[in-house]
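The values are calculated or read from the model by the stated rules, or taken from the named source; none is laboratory data. Being a predicted model, the structure only gives us computed values, none of them experimental. Quick reminder, even Gly has a Cβ in these numbers, built from the backbone with ideal geometry, and neighbours come from all protein chains shown.
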Amino acid sequence: MRTNSKIAVWGMLILCTLYTFAQGQSLTPSIDPEREVIVMFKIDAVIPPANRTAGRPDEFQIPEQGLLQVLLDANVEAISRLMPEFRPEDRYAVSRTGEEVQLTDWTNVYVIRLPQPQARESFLNALKKRPEVIFAELHGRGEPDLIPSDQYFNRQWALKNDGTSIQGSGTAGADINATAAWDITTGSSTIKIGIVDAGMQTNHPDFTGRVTGDAGDSDPHGTAVAGVAAAQGNNTIGVAGAAWNVGIINEDYGSASDADLAAAVRSASNRGADIINNSWKLTPVGRYSTAVRLAFADVYKQNRVAVASMGNQYETMGENATQYPAAFGQGILTIGATTNKDVKASYSSTGSWIDVTAPGGGVASGETGNQYDNIFTTVPGSGYDWYLNYGGELYHIRGTSFAAPIATGIAALLFSYN
């Protein structure tokens, strides 16, 4: 008998547990956000059943018949407090600096579940017309910031800096917060970036099918600049650019004469570039060219954005080393460089014409670094590196030349979003 009684007791407990679970599950919020809306009611507009925070509409006290009818007409399955543990006294708190503050009264915020997702819009519209409702919105989901599948993304501290040694042991978070931006857009193919440079390897695997303009070559600088701005992301290989999916216009400035430079700038604009990257300078440093300036004026008149590198002359020429086109002024966004610790890079030129800074690699004045402080990006030969190879001589990929395309990529994301 004892054994049978024990079995009977366990059986009752199991049945009660299953019943309780089933009851709780039917009323628990956030099981299926696609069928739910979130609503904040005015005080006492809806009153839950005694000692409960959830129930069916007919179990709640809803003084206004019109509001109750809206809930019944929508065949609402359950109403549940969004924060069931929240008590009225929890509204009062002390801030970290000692001030007494009043928080949101979550006792009046509910999750309401409908039978079908497609019923939410009409239900939401009906709720918004009710005077008892403070706000009503669709329930949704969150997800982690988009982390692309690119093989070497963990080396790209400019995009997502986690402070690890492969990123030069910089400061975690000293980046452009690219992953959060990519949750909104990774760029649109209708937006074009013009790369005015010494050419680029247009058939690099991270540019496949996205480059128009001049014929390609194997110039290291232009290839690296283009990769920083717009290497294809989330394709399991190589690196990600700041804007993955935008088009790239290759504008080879040829001999880099003023005539060639002016022609390349105007050509990029005429070919439809929304943003034109200029990681170059007139030489000698400080020389002004009216012809080149007028080419940029044409870009400005066409309502296009020109981005220019600020220059790398701080260590050799000190403050206010004037470099053009960066210092031309109106219509040109001028970019200085920061390190993986979010401080000014030792080489980055200064001057009143600077607009913003962006990650450019290297270290601050007085610091020593290594290759991991550089910018890791595309290089000729379908490769990726921290260095550019010019005839067997290696040069660090760092400088305002590589800060500028970061800004160009960000501008492309903004254009894509708008």
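Annotations for the structure displayed:
- Checklist (1) at pLDDT 95 or above; (2) touching a Pro at 6+ places or on another chain (Cβ under 8 Å) applied to Gly55, failing item: (1)
- Members of the range 68-97 that are touching a residue at least 12 places away in the same chain (Cβ under 8 Å), touching a Phe, Trp or Tyr at 6+ places or on another chain (Cβ under 9 Å) and either farther than 15 Å from Asn108 by Cα or not assigned by TED's automatic domain parsing to the domain that holds Asp32 (or both): Val70, Leu71, Asp73, Ala74, Val76
- Of all residues in the range 291-334, those satisfying the criterion of being crowded, with 20+ Cβ neighbours inside 10 Å, within 20 Å of Thr408 (Cα to Cα) and of a type in the set (Ser, Thr, Tyr) are Ser309, Tyr324, Thr334.
Yes/no matrix, rows are residues, columns are (1) of a type outside the set (Asp, Glu); (2) out of contact with any strand residue (DSSP E or B) (no Cβ under 6 Å at 6 or more places or on another chain); (3) closer than 29 Å to Ala180 by Cα; (4) at pLDDT below 90:
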position: Gly213; (1), (2), (3), (4): yes, no, no, no
position: Ser218; (1), (2), (3), (4): yes, yes, no, yes
position: Ala242; (1), (2), (3), (4): yes, yes, yes, no
position: Ile248; (1), (2), (3), (4): yes, no, yes, no
position: Gly254; (1), (2), (3), (4): yes, yes, no, yes
position: Asp258; (1), (2), (3), (4): no, yes, no, yes
position: Ser279; (1), (2), (3), (4): yes, no, yes, no
position: Arg293; (1), (2), (3), (4): yes, yes, no, yes
position: Lys301; (1), (2), (3), (4): yes, yes, no, yes
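- Close contacts from the range 209-233, counting a first residue that is of a type in the set (S, T, N, Q) and a second that is modelled with pLDDT of 95 or more and assigned to a helix (DSSP H, G or I), with Cβ to Cβ under 6 Å and a gap of 6+ residues or different chains, come to Gln232/Asp206.
Rundown of residues vs (1) assigned to a loop (DSSP other than H, G, I, E, B); (2) touching a residue at least 12 places away in the same chain (Cβ under 8 Å); (3) at negative phi, yes/no style:
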residue: Asp260; (1), (2), (3): no, no, yes
residue: Ala263; (1), (2), (3): no, yes, yes
residue: Ser269; (1), (2), (3): no, yes, yes
residue: Ala273; (1), (2), (3): yes, yes, yes
residue: Thr283; (1), (2), (3): yes, no, yes
residue: Tyr288; (1), (2), (3): yes, yes, yes
residue: Asn303; (1), (2), (3): yes, no, no
residue: Glu315; (1), (2), (3): no, yes, yes
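- Some residue of the range 216-224 being touching a Ser or Thr at 6+ places or on another chain (Cβ under 7 Å), closer than 16 Å to Gly383 by Cα and hydrophobic (A, V, I, L, M, F, W, C): yes
- Filter result for Val76 (of a type outside the set (Phe, Trp, Tyr), surrounded by 12 or more Cβ atoms within 10 Å (Cβ to Cβ) and in a loop (DSSP other than H, G, I, E, B)): yes
- Every test in (1) out of contact with any Lys or Arg (no Cβ under 9 Å at 6 or more places or on another chain); (2) in a helix (DSSP H, G or I); (3) touching a residue at least 12 places away in the same chain (Cβ under 8 Å) is passed by Ile112 save one, and that test is (2).
- Within the range 367-387, considering residues that are among the charged types (D, E, K, R) and surrounded by 14 or more Cβ atoms within 10 Å (Cβ to Cβ), the one nearest to Gly168 (Cα to Cα): Asp373
- The range 32-67: number of residues that are closer than 20 Å to Trp106 by Cβ, among the polar types (S, T, N, Q) and out of contact with any strand residue (DSSP E or B) (no Cβ under 8 Å at 6 or more places or on another chain): 1
- Among the residues listed as Ser149, Ser188, the single one being modelled with pLDDT of 95 or more, within 19 Å of the chain's Cα centre (by Cα), in a loop (DSSP other than H, G, I, E, B) and farther than 20 Å from Gln371 by Cβ: Ser188
- For the range 289-311, the condition holds for no residue, the condition being that it is touching a Leu at 6+ places or on another chain (Cβ under 9 Å) and acidic (Asp, Glu).
Results for (1) part of a strand (DSSP E or B); (2) modelled with pLDDT of 90 or more, shown as yes or no for each residue.
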site	(1), (2)
Trp10	no, no
Tyr19	no, no
Gln23	no, no
Ser26	no, no
Gly66	no, yes
Met83	no, no
Val101	yes, no
